[in-house]
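Peer 1: Before I ask anything, here is the structure I am working with.
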Amino acid sequence: MASADSRHQLQVQVLYSDHNTWLQGWLRRKLGNAFDAADLAQDTFMRILARQEVPELREPRAFLSTIARGLVVEHWRRRELEQAWLETLAQLPEQEVPSPENRLQFLETLSAIDNMLDQLKPNIRTAFLLAQLDGLTCPQIAERIGVSLSTVERYLAAALRHCYTIRFGV
Amino acid sequence: MPPAITHPDLPVTGEIASTVVDAAIDWMVKLEFNQPSAATRDAFDVWLNAQPVHAQAWERVHSLRKDFASVPRGMASDALHAVDKQRQANRLSRRQTLKILMLAGVAVTATWAVRDDVPWQRALADASTRVGEQRTMHLDDGTVLVLNTDTAVSFDMNGTQRRILLRRGEIMITTGDDITYKDKRSFWIDTPFGTMQALGTRFVVRLEDDRARISVQDGAVQMHPAKAKESLIANVGESWWLSDYAIESADTLGMRQDGWADGVIAGQNMRLDDLLAELSRYRRGRVVCDADVGDLRVSGIYHVRDTDQVLQFLLQTQPIKVTYYTRFWVAVASDRTR
């Protein structure tokens, strides 16, 4: 086991020294800034390191950019959420703005929820947010998004099933 | 992947048959997202106690909702609805930008997303207001600058020109005489969509998502789009849209463009949905207007300091119903009983 581990680490080190500069350049073109590019390049290698093994690579750069592309999408999603969160905070009256540490903690939770609901169709996601976060009942949601009551119930069940699968497996 | 939400008090392993999970989820929908009858509750109790695995499934399904409970409701809802809306808008504007760039034969890069960075505008600004707030500032050169709700500006008044950068929201400018300088310096307003020079004047500039509106009350303003060579002079009483490539005549929607500086929305024959959209700029959260009442016509003077009172007034004078879903979310729809 120890030798397999160290072989894996060695492979990642080779990948890193051969392609890190290229990957950072690739990410910089995608993101438009060098700081985020350096961070995400780092994350890309960290993610490969966390895997059990690196597949035999004929096209190491295609492999790296596939992983990095996923991280770029996550990065944008996270930035969009951060923006929405800051907007929300800005609209609160001063006395209701949460403390800095709570703000960060809430953002982390929101980010986890956002990712959990990422795969859902927009209508299902909206219905679920209305039920869960706005406390609307099924008839209210049905009226709100213009679908039948039984469709709303199906949406909510699908959303819960999706969350359940992420959290507990099949 | 960001860390998954975990609950130390629940075992994570062990599968429960999917039919049981589905049943538990159906009960959740019936009991917690509806108003269940006593009979439904009794039936649920029977199901819950029928087998230990039912209780276990119920506990798991229930635990999913805990993930959401740790963020205050209004805030979580606002942030997540807002991000959905923003993503939709971003997708549209990316598609649109892409089309424009391809038409222009320009190489497509990622940098055009920069303008979406809305909340940082306030952090970068020299002066700003929150939603529902207004502020009047007297600058050294004698200029009076009024910031409307949710606005951010920066200024540079010490150079050879006087410049104000409107980052967000809406301002009214009454230019000063600049008497402490030997030669009166020119006065410029910069926006993301272009720039404009004041020619001895009072005027209002308002930013929207993809353009700025200029309305002149006194004097004149010369407008220059960010990406086109043409320029145009706006005269007293005129309103114009300034965008990256063009200047177009703007519809004032029946509203007095500088009414807000007096704390009011004032207008004749305004569409109800336009009035509500305007009103919602002064309150936290959203005011949603149903399409079937959007074209009701209203006239009058509405105070922006107390938007709830305006909604109450409209409720009394128009065939509408006003529903407060949450503190942050108000829906206006047709009242069919009237």
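The values are calculated or read from the model by the stated rules, or taken from the named source; none is laboratory data. Because the structure is predicted, anything quoted here is derived from the model rather than measured. A quick note on method: Cβ atoms are made from the backbone with ideal geometry, for glycine too, and the neighbour counts reach across all protein chains shown. What goes into the accessible areas is simple: the full protein's heavy atoms, side chains included, and nothing from ligands, DNA or RNA. Shrake-Rupley method; radii C 1.70, N 1.55, O 1.52, S 1.80 Å.
Peer 1: Go through (1) more than 9 Å from chain B (Cβ to nearest Cβ); (2) open to solvent by less than 40 Å² (accessible area, probe 1.4 Å) and name the single condition A:V97 misses.
Peer 2: (2)
Peer 1: I'd like the full set of residues that are hydroxyl-bearing (S, T, Y), open to solvent by less than 70 Å² (accessible area, probe 1.4 Å) and part of a loop (DSSP other than H, G, I, E, B), limited to region B:199-258.
Peer 2: Of region B:199-258, the ones hydroxyl-bearing (S, T, Y) are B:201, B:215, B:231, B:239, B:243, B:245, B:249, B:252.
From the residues that got through so far, the ones that are open to solvent by less than 70 Å² (accessible area, probe 1.4 Å) too are B:201, B:215, B:231, B:239, B:243, B:252.
Within region B:199-258, B:S231, B:S243, B:T252 meet the criteria.
Peer 1: Check off (1) more than 29 Å from A:D43 (Cβ to Cβ); (2) facing another protein chain (nearest Cβ under 8 Å); (3) modelled with pLDDT under 90 for B:V29 and give me the number that stays unchecked.
Peer 2: Evaluating B:V29 over (1) more than 29 Å from A:D43 (Cβ to Cβ); (2) facing another protein chain (nearest Cβ under 8 Å); (3) modelled with pLDDT under 90 leaves (3) as the failure.
Peer 1: Would you confirm, using the coordinates I've provided, whether B:T143 is outside the structural domain of B:R284 (by TED's automatic domain parsing), touching a residue at least 40 places away in the same chain (Cβ under 8 Å) and closer than 24 Å to A:P93 by Cα?
Peer 2: No: the conditions fail for B:T143.
Peer 1: Can you name the condition, by its number, that B:F44 falls short on among (1) more than 13 Å from every other protein chain (Cβ to nearest Cβ); (2) open to solvent by 40 Å² or more (accessible area, probe 1.4 Å); (3) modelled with pLDDT of 50 or more?
Peer 2: Condition (2) is where B:F44 drops out.
Peer 1: How many residues does region B:127-172 contain that are aliphatic (A, V, I, L, M), in a strand (DSSP E or B) and surrounded by fewer than 21 Cβ atoms within 10 Å (Cβ to Cβ)?
Peer 2: Of the residues in region B:127-172, 6 are aliphatic (A, V, I, L, M), in a strand (DSSP E or B) and surrounded by fewer than 21 Cβ atoms within 10 Å (Cβ to Cβ).
Peer 1: Only one of A:A157, A:A131 is in a helix (DSSP H, G or I), open to solvent by less than 10 Å² (accessible area, probe 1.4 Å) and of a type in the set (G, A, S). Can you tell me which?
Peer 2: Result: A:A131 is the single residue among A:A157, A:A131 that is in a helix (DSSP H, G or I), open to solvent by less than 10 Å² (accessible area, probe 1.4 Å) and of a type in the set (G, A, S).
Peer 1: Assess whether A:R167 counts as being at pLDDT below 90 and either outside any helix (DSSP H, G or I) or open to solvent by 40 Å² or more (accessible area, probe 1.4 Å) (or both).
Peer 2: It is false that A:R167 is at pLDDT below 90 and either outside any helix (DSSP H, G or I) or open to solvent by 40 Å² or more (accessible area, probe 1.4 Å) (or both).
Peer 1: Is it the case, given these coordinates, that A:I113 is within 7 Å of chain B (Cβ to nearest Cβ), assigned to a helix (DSSP H, G or I) and buried (at least 21 other Cβ atoms within 10 Å of the Cβ)?
Peer 2: yes
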